[in-house]
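Undergrad: Provided herewith is a single structure, encoded as structure tokens, for subsequent inquiry.
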Amino acid sequence: MGLVETAIEHVSVKSVLILGPALLLAHLAWWLVLRPAWQEIKLARMTGARPPRIPSKLPFSIDFIYRSVKASMNYQNLPMWKSLFVQANSSTVENRIAGRRVVMTCDPENIKAILATQFGDYGKGEPFHREWKAFLGDSIFTTDGDLWHGSRQLIRPQFIKDRVSDLHVFEKHMQTLFRAIANGGALNGEGQHVDLEAGNGKPVDISDLFFRFTLDSATDFLLGKDVKSLSNPRQEFAEAFAEVQRVQSIISRAGPLNVFVPRGSFRRGMKIINAFINQYIEQTLRLDPNDLASKSDAGYTFLHALAGFTRDRQVLRDQLIAVLLAGRDTTACTLSWTIYELARHPEALKKLREEILRVVGPTRAPTYEDLKGMKYLQNVMNETLRLYPVVPFNVRLALKDTTLPRGGGPDGSLPVKVLKDTPIAYSTLVMQRREDLYPPVSANFAPVDVFSPDRWSVWQPKPWQYIPFNGGPRICIGQQFALTEMAYVLTRLFQKYERLDNYMGEIDGGNPCLRAEIVLQPGDGVKVGFWEAKKA
């Protein structure tokens, strides 16, 4: 028996050594050669046309892959994407990357089709769900179909007007933010003494403080207890959340090569995040339905409301982390870019402050109605979101053989053929900066790349040419919550401060670093000095 077993083992090892490379070569041949050839045959039989193809000099578009990775690492995604469309003289292009056809577009009609009119044809897709599951689970951001619909129906009631207009959750964190600004950065403990008047003009990275502020207010709103990151330079949960996002961004960009992305820090970060979230879930689930109802009346939290609809721990965990991600980053990024631009445009800041003082005065906390009624404040936020949409690049997967409305053929007027499982990458950042979608530059209308809140007094974008919160059935549920929080913060800031010192010119020379990972944030931070208004 020993000889037979040895012989079998020898044959098995030999078979693996022979068949292993053969199977690998067969797999590569299918993905890189045979599958693309089969797809080309199928595409040729479909009605419609093809958009211009991005030229590549090396096999499998290796040079394009290198160019894309380099642009991403150097935060040059915007100029790279723009160059692709300019060179092709088209707002929709295609390429084959390692054998896989990818379509890229900045055409509002195509984006409208992906997000709304052909909503059933496009979705997140299973690859996206698989890549993001460890972080966001089966939440609203990772699913399609019934799972997505169930998540949306669960979350939607938590963002009705009565909830959104409850502003007290922001005010207590504003007071901590004022102290952190005067301190020049996060406080070293809640009890740290800060001379508020000594902070005038002190350089501070306000972007870092905004990310801390929105994390504190988001955890307060969601869980009823904030993580106090404004009061702690090093906060375990905040650092874990940032690291998980960083690694997740790399995983999502690596595509089929994401198996090679190191995940040690990701797993450690998820362990901290889950432990933190789960303790509040367990506390909430110990309450009986009557206690839960009364607690929601006395001190509303997002978790209490969700637990009134489901007791499933995994569902609660997934939705909480998804909303935390959106609630923190959307507001922090937009506030950061707003201060960045106001520091460069003191005339806009002067007009904004005049409106704030006229409507609410120097000390009174604004109401929801105050915020919605301040037109120039709304213009400032709209202009910031026009130049810096929170999610600048996005992707959908074709869920079946379908088309895009236009971009095919010599003049781009024909529908584009799209096979099932084709990724469609689209960019609101590129679309919202397309000069051909705007009126000509004049004395009353600034160039497209210039921050100009005044343009909104004489111009309104056409439908689907301005979608900072996406559109269609997947439009951001928390849009009004985010806009209200941003408006509240800006109002409170410029009731107190009358001008800004801009230190960014020394850092970026007036060319902002667009760090586009999951969200679009200032790559160099936003270093400014706040000057408090003199008391009468």
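Undergrad: Using helices alone, what [θ] at 222 nm do you get for the chain, with -39,500 (n - 2.57) per DSSP H run of 4 or more residues, divided over all residues and rounded to the nearest 500?
TA: -16500 deg cm²/dmol
Undergrad: Please work out the Cα convex hull volume for the stretch 362-430 and give it in Å³ per residue.
TA: Numbers: hull volume 11.0 nm³, N = 69.
Once divided by residue count, the hull of the stretch 362-430 is 160 Å³.
Undergrad: Could I ask something else about it? Find the accessible area per residue for the stretch 87-161; the probe is 1.4 Å, ligands and nucleic acids are left out, and the unit is Å².
TA: Working: 2900 Å² over 75 residues.
Value returned for the stretch 87-161: 39 Å² of accessible area per residue.
Undergrad: Within straight cross-link reach of Lys420, meaning Cα distance under 24 Å, which lysines are found once same-chain residues fewer than 8 apart are removed?
TA: Straight-line reach from Lys420, under 24 Å: Lys42, Lys112, Lys124, Lys133, Lys400.
Undergrad: What does the charge count near Met270 come to, summing +1 for each Lys or Arg and -1 for each Asp or Glu among other residues with Cβ under 10 Å from its Cβ?
TA: +3
Undergrad: Related question: Among 75-87, 135-147, how do they line up from the highest to the lowest mean number of other beta-carbon atoms within 10 Å?
TA: Most protected by this proxy first, the peptides run 135-147, 75-87.
Undergrad: Let me ask you something else. How large is the convex hull of the Cα atoms of the stretch 138-242 per residue, expressed in Å³ as a whole number?
TA: 125 Å³
Undergrad: Measure nothing fancy, just the Cα-based angle from helix 236-254's long axis to the longest principal axis of the chain, in degrees from 0 to 90, nearest 10.
TA: Computed tilt is about 40 degrees.
Undergrad: Roughly how many Å² is the accessible area per residue of the stretch 181-243, as a whole number, for a 1.4 Å probe?
TA: Numbers: 2450 Å² over 63 residues.
It amounts to 39 Å² per residue over the stretch 181-243.
Undergrad: Going toward the positive end of the dipole of the stretch 144-274, with +1 on Lys and Arg Cβ and -1 on Asp and Glu Cβ, which of Ala182, Val261, Asn232 do you reach last?
TA: It is Val261.
Undergrad: In angstroms, what radius of gyration and Dmax does the chain have, counting Cα atoms only?
TA: Cα-based Rg and Dmax for the chain come out at 25.7, 101 Å.
Undergrad: Still on this structure: Expressed as an acute angle from 0 to 90° and rounded to the nearest 10, what is the orientation of the C-alpha long axis of helix 206-223 relative to the principal long axis of the chain?
TA: Result, in degrees: 80.
Undergrad: So what's Rg/Rh here for the stretch 354-402, counting alpha carbon atoms and using the Kirkwood radius for Rh?
TA: Here Rg/Rh amounts to 1.32.
Undergrad: Rg/Rh for the stretch 309-418 to two decimals, with Rh computed the Kirkwood way over all alpha-carbon pairs.
TA: Ratio value, two decimals: 1.16.
Undergrad: Evaluate the stretch 181-230: find the radius of gyration of its Cα atoms, find its Kirkwood radius, and give the ratio Rg to Rh.
TA: Looking at the stretch 181-230, the ratio lands at 1.02.
Undergrad: To continue, here is another question. How large is the convex hull of the Cα atoms of the stretch 203-261 per residue, expressed in Å³ as a whole number?
TA: 114 Å³
Undergrad: Also: Rounded to the nearest 20 Debye, what is the dipole magnitude of the chain about its Cα centre when Lys and Arg each give +1 and Asp and Glu each give -1 at the C-beta?
TA: That gives a dipole near 1000 debye.
Undergrad: Right, here's the next one. Explain nothing, just the number: dipole magnitude of the stretch 94-204 about its Cα centre with +1 on each Lys and Arg Cβ and -1 on each Asp and Glu Cβ, in debye rounded to the nearest 20.
TA: Dipole about the Cα centre, nearest 20: 200 debye.
Undergrad: Got a number for carbon plus sulfur as a percent of the chain's accessible area, 1.4 Å probe?
TA: 57 percent
Undergrad: Taking 8 Å as the Cα distance limit and 6 or more residues as the minimum spacing, I'd like the relative contact order of the chain as a percentage.
TA: Numbers: 787 pairs, mean separation 119.1, N = 536.
It comes to 22 percent, rounded to a whole number.
Undergrad: Tilt of helix 289-298 relative to the longest C-alpha principal axis of the chain, in degrees (0 to 90, nearest 10)?
TA: 50 degrees
Undergrad: With all distinct Cα pairs included, what does the Kirkwood hydrodynamic radius of the stretch 420-486 come out to in Å, to one decimal, could you say?
TA: Mean inverse Cα-Cα distance, inverted, gives 14.2 Å.
Undergrad: Moving on. Express in % the proportion of alpha carbon pairs of the stretch 233-381 at distances exceeding 22 Å.
TA: Of the Cα pairs, 62 percent sit more than 22 Å apart.
Undergrad: What number results when the radius of gyration of the stretch 38-140, computed over Cα atoms, is divided by 2.2 N^0.38 Å?
TA: Expressed relative to 2.2 N^0.38 Å, the Cα Rg reads 1.23.
Undergrad: Ranked from highest to lowest mean number of other Cβ atoms within 10 Å per residue, what is the order of the peptides 227-237, 496-506?
TA: Descending packing order for the listed peptides: 227-237, 496-506.
The values are calculated or read from the model by the stated rules, or taken from the named source; none is laboratory data. Keep in mind it's a predicted model, so treat the numbers as computed, not measured. No Cβ is skipped: glycine too gets one built from the backbone with ideal geometry, and neighbour counts run over all protein chains shown. Side chains included, ligands, DNA and RNA excluded: accessible areas come from the protein's heavy atoms. Shrake-Rupley method; radii C 1.70, N 1.55, O 1.52, S 1.80 Å.
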